[in-house]
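The block underneath contains the structure these notes are about, expressed in structure tokens.
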Amino acid sequence: MNIDERVGAIESQEEGVTKFYGYGTFQGNTIPPENVGGFNLGRPNPTIRLDSGDIVYGCECWWGPEKKVAEIIAGTEIIIVLPKRV
């Protein structure tokens, strides 16, 4: 992915329900803050600035090009979730 390319970020998906962070832009790889969940090992991670302005990291989600994510979530119930921070 190139910086500023459009992407989507999925928290989880099961039984026809998608918990979805939303769409945004890829911002390159940065080290997430310590309070970021998922598989945060303190190493550079794909960084996504959501259209909402929130930031989500690759260690917290399944993400990919906007078009591909739209195909994956099509036909599911979408629940918008916010990135979890402690």
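The values are calculated or read from the model by the stated rules, or taken from the named source; none is laboratory data. Just so we're clear, the structure is a prediction, and the values are computed from it rather than from any experiment. Note that we place each Cβ from the backbone using ideal geometry, even for glycine, and neighbour counts take in every protein chain shown.
Per-structure values
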item	result
Candidates LYS84, LYS67, filtered to the one that is surrounded by fewer than 17 Cβ atoms within 10 Å (Cβ to Cβ) and touching an Asp or Glu at 6+ places or on another chain (Cβ under 9 Å)	LYS84
Where GLY28 falls short, out of the listed (1) over 15 Å from CYS61 (Cβ atoms); (2) at pLDDT below 95; (3) not acidic (Asp, Glu)	(2)
Residue identified as without any contact (Cβ under 8 Å) to a residue 24 or more places away in the chain and in contact with a Lys or Arg (Cβ under 8 Å, 6 or more places away or on another chain) among ILE31, ILE79	ILE31
Top-ranked residue in the stretch 29-56 [being exposed (fewer than 13 other Cβ atoms within 10 Å of the Cβ) and of a type in the set (Gly, Ala, Ser); ranked as nearest to THR76 (Cα to Cα)]	GLY53
